[in-house]
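Readers should treat all values here as calculations from the given coordinates under stated rules, not as data from a laboratory. Here the structure is a predicted model, which means the values were calculated and not measured. Here the Cβ is made from the backbone with ideal geometry for all residues, glycine too, and neighbour counts use every protein chain on show.
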Amino acid sequence: MTHYDLHCHSTASDGALSPQALVERAIQQGVDVLALTDHDGTEGIVAALRAAEEQPLTLIPGVEISVSWYSSTIHIIGLNIDIDNAKLQTGLAKIRDYRQQRAEEIAHRLEKSGISGALEGAAQYASKTMLGRMHFAQFLVEQGHASDTKDVFKRFLVRGKPGYVPGQWTDLESAVEWITGAGGQAAIAHPLRYKMTASKLRRLIDNFKTAGGQAIEVSSGHQHPDQLRNVAALAKQYDLLASCGSDFHSPDQSWSELGRFLPLPASCKPVWTLWQ
């Protein structure tokens, strides 16, 4: 049986492993098909494809796009995309430009709260194209301002805290259009992590489907069986294909490991049926 993991991150965004090391770990964990889905960029794809050559692993080019939908930040995954698609890359570049502006504002607000050098410090942990909140968290832990990255978010980076800057991302329709225009499939990532009411989640799925979205992440890392069944039921109700993935970021995060998540229920039609 082929083992798919269609959601993970490398050092090209906020992951701890290089694309090459990520491929090696996926093979060690028994993954057969891996999608690299870094945040708002595809910088790591070429290196991951090269690392997967002549290895017992198929690498699927992917991306995880940040979306503002009403008052929520949503993540839309693009699977099996053409990373050379001009419209996709233009859109992603705009998001990364905003990420840089946001990072500068986070650093400014941290400076006002007495933490200096945050922008330069966070940049030491980041790739050349993506500077995010996790990199600030790593810097603040290293400087002794918090015990771990989770503590940083709670004390500095969430709403009402000194370094909080709300995200202003692309819209849902554009994200789906970029992905499908690049020949890929759009999937809602970890739909139950947004802590929406049931009615709001259904409205999101309805808007997503209307925009041309094709899939939803039914199984994700650190998920209860009841949650799996709930999302599987939504996939069936809205006639969406099912995706699955660990959302792996780091070997230090014991709750998330490559290939480690609940299997898709038999009632689901996997997104990879489109690739066969």
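See the values below:
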| item | result |
| --- | --- |
| Estimated inter-spin distance, Glu24 and Asp171, nm [label 7 Å along Cα→Cβ] | 4.5 |
| Kirkwood Rh in Å, taken over segment 211-255 so that all alpha-carbon pairs contribute | 11.5 |
| Bins of 5 Å, starting at 0 and running to the largest distance - Cα pair percent for segment 122-276 | 2, 8, 14, 16, 17, 17, 13, 8, 3, 1, 0 |
| Given charges at beta-carbon only (K, R positive; D, E negative), |dipole| of segment 98-157 in Debye | 240 |
| Dipole in debye (nearest 20) - the chain, about Cα centre, beta carbon charges: Lys, Arg +1; Asp, Glu -1 | 1040 |
| Percent antiparallel among DSSP beta bridges (both partners in segment 1-95, rounded to 5) | 55 |
| Antiparallel content of DSSP bridges confined to the chain, in %, to 5 | 40 |
| Mean separation of Cα contacts under 8 Å, 6 or more apart, over the residue count of segment 133-276: relative contact order % | 17 |
| Euclidean distance of C-alpha centroids, segment 227-266 and segment 22-40, integer Å | 15 |
| Longest DSSP-loop-exposure-free segment, trypsin sites (Lys or Arg not before Pro), the chain, at most 12 other Cβ within 10 Å | 1-127 |
| Taking only Cα atoms of segment 55-180, radius of gyration then Dmax in Å | 16.3, 51 |
| All-pairs alpha carbon distance profile, segment 98-157, 10 Å steps from 0, percent | 26, 61, 13 |
| Dipole of segment 1-99, positive end: most advanced residue of Ala21, Gly78, Val31 [Cβ charges, Cα centre] | Gly78 |
| Segment 68-91 versus segment 158-214: alpha-carbon centroid distance in Å | 10 |
| Sum of -39500 (n - 2.57) over DSSP H runs of 4+, divided by residues of the chain (222 nm, nearest 500) | -11500 deg cm²/dmol |
| Over the chain, equivalent-ellipsoid semi-axes from the Cα gyration tensor in Å | 29, 21, 19 |
| Candidates Glu53, Glu64, Glu24: whichever shows maximal mean-square fluctuation once the chain is modelled as a Gaussian network with Cα springs under 10 Å | Glu53 |
| Approximate spin-label separation Lys195-Glu111, in nm, with each point projected 7 Å along Cα-to-Cβ | 3.1 |
| Segment 98-157, relative contact order [Cα under 8 Å, separation at least 6], % | 25 |
| Rg/Rh for segment 126-199, where both radii come from Cα atoms and Rh is the Kirkwood radius | 1.07 |
| Taking only Cα atoms of segment 1-124, radius of gyration then Dmax in Å | 16.5, 54 |
